[in-house]
1. Only sites in a loop by DSSP and with at most 15 other Cβ atoms within 10 Å count here; which chymotrypsin sites (Phe, Trp or Tyr not before Pro) in region 64-172 make the cut?
2. Run the paramagnetic zone check for Ser310: 7 angstrom along Cα to Cβ, then residues of region 262-298 with backbone nitrogen under 11 Å.
3. Go through region 236-322 and name the trypsin sites (Lys or Arg not before Pro) that are in a DSSP coil and have 13 or fewer other Cβ atoms within 10 Å of their Cβ.
4. Calculate the spin-label point distance for Trp226 paired with Ser28, positioning each point 7 Å from the Cα along the beta-carbon direction, and give it in nanometres.
5. Can you tally the net charge around Asp51? Count Lys and Arg as +1, Asp and Glu as -1, for every other residue whose Cβ sits under 12 Å from the Cβ of Asp51.
6. When DSSP beta bridges are limited to those with both residues in the chain, what percentage is antiparallel, rounded to the nearest 5?
7. Nearest 5 is fine: what % of DSSP beta bridges in region 1-104 come out antiparallel, could you say?
8. Taking the beta-carbon count within 10 Å as an exposure proxy, list Leu198, Leu264 from fewest neighbours to most.
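Please treat every number below as a calculation from the coordinates, not as lab data. Keep in mind that this is a model prediction, so the values were computed, not measured. Counting neighbours? That spans all protein chains shown, and the Cβs are built from the backbone with ideal geometry, glycine included.
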Amino acid sequence: MDRAIENARAVRGTTAPNPWVGAVILSSDGEIFDGATEPAGGLHAERVAIDLAGPKAQGATLFTTLEPCCHQGRTSPCVSHIIEAGVSRVVVGIRDPDPQVSGGGVRALEDAGIEVVEGVGRKQVANQLEPYIHHRVTGNPWVVLKMALTIDGRTAAPDGSSEWITSEEARSDVHALRARCDAVLVGAGTVRSDDPSLTTRFVSGSDPQRIVLGRAPSDARVHPCWELEGDLVELMQELGSRGVVDLLVEGGAHVAANFHEKDLVNEYVFYLAPALMGGEEGRPVFVGPGSATMADLWRGDLHDVRKVGSDLRVELRPKEGD
């Protein structure tokens, strides 16, 4: 299962709206065949491993991070291929929360006389597929809010300039975050002031779908992009229905404040540079009045803290149940 999890990790950011799933076929004579979900319209991880194994799938054990699908989508059901291949045992990390599957895949395999073992690597797989699970349960994308700031909490100078607060290593890390996500969103104000390209040019990986809140100038580097307007809560439902599972928000202080105030952020990633702007005129992380008293402070959980180049990368999550 560890190997299947690693296979899934390698394709994260390339499979939307499908989950990034890893699989391994272990044949009766000990030979191993790896599989991972292909881009949308391609084969699922289980099918990739089965096709590679060929006749050696007969009597083999299949390890898969997510319950095999049992419905017709862009491809035929994985359970049908597993049964036809003669696999004798299937080891599953977690059940699929998608209502079209949820337990149906396991039942179909068991009805065909195949032994099914569930829950192997459950914690690791659930953590890896957290955005997918959130998307299937809520209909919304998993929202990652990324901000770069000085150690005294400023994201731009009074004149609006913000390039570059953080190191090149931190910027490469942001590009890796973009490669992980299906889409990246900024406000029209950021497009007008910074003209970002929002690509993954510093790392190997596919560019995310680019989204602008408002209208982007016709000559902006962000094109081609989706231009959206309206209530954020409704827009998140729309993006979820369009197949956006993992959304990176890189907007300025207005966009960041709107997502934060509406409790739409699932993961905060702050890059803190060892720099001080001083004074009170620099631009903050969030615009608006904020908390009126200490009792009103938003408090989350530190999920990860590490040094990236000369900067500190801090990941926050909302507290469980909030």
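1. Working: sites: Tyr132, Trp142, Trp164; in loops: Trp164.
Sites meeting the loop and neighbour criteria: Trp164.
2. Flagged as within label range: 273-276.
3. Working: sites: Arg242, Lys262, Arg299, Arg306, Lys307, Arg313, Lys319; in loops: Arg242, Lys262, Arg299, Lys319.
Those satisfying the criteria are Lys262, Arg299, Lys319.
4. Result: 4.8 nm between the two label points.
5. Numbers: positive: Arg47, Lys56; negative: Asp34, Glu38, Glu46, Glu84.
That sum, taken over residues with Cβ under 12 Å, equals -2.
6. Working: 23 of 54 bridges.
Of the beta bridges lying entirely in the chain, close to 45 percent run antiparallel.
7. Values: 9 of 14 bridges.
The antiparallel proportion sits near 65 percent.
8. Going from sparsest to densest Cβ surroundings: Leu264, Leu198.
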